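The values are calculated or read from the model by the stated rules, or taken from the named source; none is laboratory data. Just so it is clear, the model here is predicted, and its values are computed rather than measured. Every residue, glycine among them, receives a Cβ derived from its backbone with ideal geometry; neighbour counts consider all protein chains shown.
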Amino acid sequence: MECMIAKPSKGAAGKTGLWRTFKPIYHPERCNLCQLCWLYCPENVIDVSEDGITIDYEYCKGCGICAKICVKNAIEMVREEET
Ligand code: SF4
Ligand code: SF4
């Protein structure tokens, strides 16, 4: 049976990079490519490839769900002014 996963359209909340308070920072050396962050990101701004994940910061709203869901602690939320 075919498995379908509904995903929101990218950037449904508009370009959020300007007002975001926290920014997810990726640590590729910890990542096991499980794709949970891709699955749970409500903005659909995470892409996963064999080289790791990429985050579209123009549309990421800094909600931190990806960092919470990552069991490898490969995503860290950092204040914008510290990046
Ligand atoms: S949830 Fe964490 S370990 Fe899994 S793909 Fe995302 S960053 Fe990598
Ligand atoms: S903080 Fe993570 S889960 Fe939230 S919008 Fe940005 S990439 Fe997606």
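Things to note:
- Restricting the search to strands (runs of 3 or more DSSP E) fully inside the range 20-75 and requiring at least 1 residues that are without any contact (Cβ under 8 Å) to a residue 40 or more places away in the chain gives 46-49, 52-55.
- Glu43 near ligand 2 (Cβ under 9 Å from one of its atoms) and either surrounded by 15 or more Cβ atoms within 10 Å (Cβ to Cβ) or at pLDDT below 95 (or both): yes
- When residues of the range 14-38 are limited to those that are within 12 Å of ligand 2 (Cβ to nearest atom) and among the hydrophobic types (A, V, I, L, M, F, W, C), the one surrounded by the fewest Cβ atoms within 10 Å (Cβ to Cβ): Ile25
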